[in-house]
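A quick write-up on the structure given underneath.
The values are calculated or read from the model by the stated rules, or taken from the named source; none is laboratory data. Since we're looking at a predicted model, the values are computed, not measured. Every residue, glycine as well, gets a Cβ built from its backbone with ideal geometry; the counts of neighbours run over all protein chains shown. Ligands, DNA and RNA are stripped out before the accessible areas are found, and what is left, the full protein with its side chains, is counted by its heavy atoms. Shrake-Rupley method; radii C 1.70, N 1.55, O 1.52, S 1.80 Å.
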Amino acid sequence: MSTSGTLQFRACGLSDVGRVRAHNEDSFEIDPENQVYIVADGMGGHRHGEVASRVAVKAVTAWMQNHRPNGAEEAGMPAHLASLKTAIESAQDAVQQAVEEDVSLVGMGTTVVAMILSGNSAGVAHVGDSRAYRYRKSQLERLTKDHTWVGEQVGAGLLSEEQAKVHPLRNVVTRALGGRGGVAVEVAETSIMPGDVYLLCSDGLTTMLSDEDIESHLVEATSIEEACRSLISASNSGGGLDNITVLMIEVAESSAAG
Ligand code: CA
């Protein structure tokens, strides 16, 4: 197997409480060693969402550190993506266990969106309405489908994107970590190229900014750090109704001399 040059990655993340909420219930993690990137958006009263998202993010990174991809492929799925999927399933167990240990946490849950980079490929896994995007050649493309009631209606052709945005049930998430039983993690595989930028985010960004808005901020920004700051500040200017988390990963050709 040969690859056409080595890629290198640079990432940054920012999370903001927004302008309305008292607490930030989002969590994110950058694990450069395993090239794993995670955003989670917790839910549940009394700051319990904060616990859920933190437990989930920590469980994913802990699993990845203890079980590096070992070639144990699932049917049709590369080892790194299978690992990420199993890591998220372990996060489901971890959130459930936290509730078992402290019954006051009953009802807490969290979304999760995660990416793992390996060679020239990216694995994306998600549960809920936190999203992954790719920004390539000045164009933004959504890599995940929201696990929301309105998202499913749009997918089935029963609602338009515009109707979904203002629908009274727009906040109903149909999949989350923390419920009883197992969780269906959606996974996808995509190839990566030098110049690509990936964005993981919570819905505090995407309910305030349209995909076109996000794209125009990325066009204008001169670095991923600047893009993270400008996306958060624009979400707050738009009302900041929810916690906002953005995590960006930039792909470049390795400059190391061969
Ligand atoms: Ca949220």
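For the stretch 96-123: of the residues being of a type in the set (Gly, Ala, Ser) and open to solvent by 10 Å² or more (accessible area, probe 1.4 Å), which is nearest to Thr190 (Cα to Cα)?
Initially, the stretch 96-123 is screened for residues of a type in the set (Gly, Ala, Ser), giving 98, 104, 107, 109, 114, 118-119, 121-123.
From what is left, the residues that are open to solvent by 10 Å² or more (accessible area, probe 1.4 Å) are 98, 104, 107, 118-119, 121.
Numbers: Ala98: 33, Ser104: 40, Gly107: 34, Ser118: 11, Gly119: 11, Ser121: 6 Å.
Of everything passing the filter in the stretch 96-123, Ser121 is nearest to Thr190 (Cα to Cα).
Take the residues of the stretch 124-162 that are among the polar types (S, T, N, Q) and open to solvent by 60 Å² or more (accessible area, probe 1.4 Å): which is nearest to the ligand (Cβ to nearest atom)? Reasoning before the result, please.
Narrowing the stretch 124-162 to residues among the polar types (S, T, N, Q): 130, 138-139, 144, 148, 153, 160.
Right, trim to open to solvent by 60 Å² or more (accessible area, probe 1.4 Å) and you get 138-139.
Working: Ser138: 28, Gln139: 26 Å.
Among residues in the stretch 124-162 that are among the polar types (S, T, N, Q) and open to solvent by 60 Å² or more (accessible area, probe 1.4 Å), the one nearest to the ligand (Cβ to nearest atom) is Gln139.
If Glu215 satisfies every condition in (1) modelled with pLDDT of 95 or more; (2) open to solvent by less than 50 Å² (accessible area, probe 1.4 Å) but one, which is the exception?
Of everything listed in (1) modelled with pLDDT of 95 or more; (2) open to solvent by less than 50 Å² (accessible area, probe 1.4 Å), Glu215 misses just condition (2).
Within the stretch 22-52, how many residues are within 16 Å of the ligand (Cβ to nearest atom) and in a strand (DSSP E or B)?
Matching residues across the stretch 22-52 total 9.
So the check is Cβ under 7 Å with 6+ separation or different chains; which pairs have a first residue in the stretch 102-123 that's under 11 Å from Ile88 (Cα atoms) and within 16 Å of the ligand (Cβ to nearest atom) and a second one that's assigned to a strand (DSSP E or B) and of a type in the set (Lys, Arg)?
Going by the 7 Å Cβ cut-off, the qualifying pairs are Val113/Arg131.
Quick one: would you say Ala87 is farther than 20 Å from Thr206 by Cα, within 14 Å of the ligand (Cβ to nearest atom), at pLDDT 95 or above and among the small types (Gly, Ala, Ser)? Give the steps one after another, and end with the answer.
On the way: farther than 20 Å from Thr206 by Cα: yes; within 14 Å of the ligand (Cβ to nearest atom): no; at pLDDT 95 or above: yes; among the small types (Gly, Ala, Ser): yes.
No.
Can you list the helices (runs of 4 or more DSSP H) lying wholly within the stretch 179-258 that have 3 or more residues being away from the ligand (no atom under 16 Å from the Cβ)? Spell out the reasoning first.
Working: elements: 203-206, 211-220, 224-237.
Passing ranges, in order: 211-220, 224-237.
Go through Leu241, Leu247 for me and flag whichever is of a type outside the set (D, E, K, R), open to solvent by 20 Å² or more (accessible area, probe 1.4 Å), in contact (Cβ under 8 Å) with a residue 60 or more places away in the chain and within 24 Å of Val20 (Cα to Cα). First the steps, then the outcome.
On the way: Leu247 fails: open to solvent by 20 Å² or more (accessible area, probe 1.4 Å).
It is Leu241.
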